[in-house]
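J.: Let me begin by handing over the structure; questions about it come next.
Nothing in this text is a laboratory measurement; each read-out follows from the coordinates by a stated rule. Everything numeric here is computed off the predicted structure, so don't read it as measured data.
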Amino acid sequence: MAVTALLYKELILATSTSPMSTSTHSANHDTSSDSADFSSIDLAKQMQQASMQASQLLKSLSHPDRLLLLCQLTQGEYCVGELEGLVGVGQPSLSQQLGILRKDELVATRREGKQIYYRIASDDALAVLDLLYQRFCAKTE
């Protein structure tokens, strides 16, 4: 429950500076009640957009192999062969999960010769991974 509250708080803070937070008032409708109505509509839109973004991120993180890969990538950039040895996931599954992470823009790649190196490309993913590490991994150390 505390993780959910923290994520919700982070979502609201992240979207409070979004372009959607500006109101679309017209010159003909400038009463305080209209202003309050627009503000609540804007807030609802912000919350809806934030929840969609958070939901997509959490969906991407929800597979154990993807989560394991991202945790390993917090330590630096790795090629597929290195990741296979480090996380113990077979190459076919590893490639499939990296493809999903790449499609979801959570990882970025660079090519060096025949090797493709992966790194985390999402600050949001890093923030969630840090929270998960603190809650689940740091306790075991």
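J.: In terms of modelled amide H atoms, which long-range or inter-chain residues lie less than 5 Å from the amide H of TYR78?
T.: For TYR78, whose amide H was placed from the backbone, the distant partners under 5 Å are TYR118.
J.: Classify segment 63-140 as rounded, prolate or oblate, taking a ≥ b ≥ c as the square roots of the eigenvalues of its Cα gyration tensor: rounded when a/c is under 1.5, otherwise prolate if a/b is larger than b/c and oblate if not.
T.: prolate
J.: Quick query: amide H of ALA121 versus all other amide H atoms, modeled in the peptide plane; which residues come in under 5 Å with a sequence gap of 5 or more or a different chain?
T.: Long-range HN contacts for ALA121: VAL107, ALA108.
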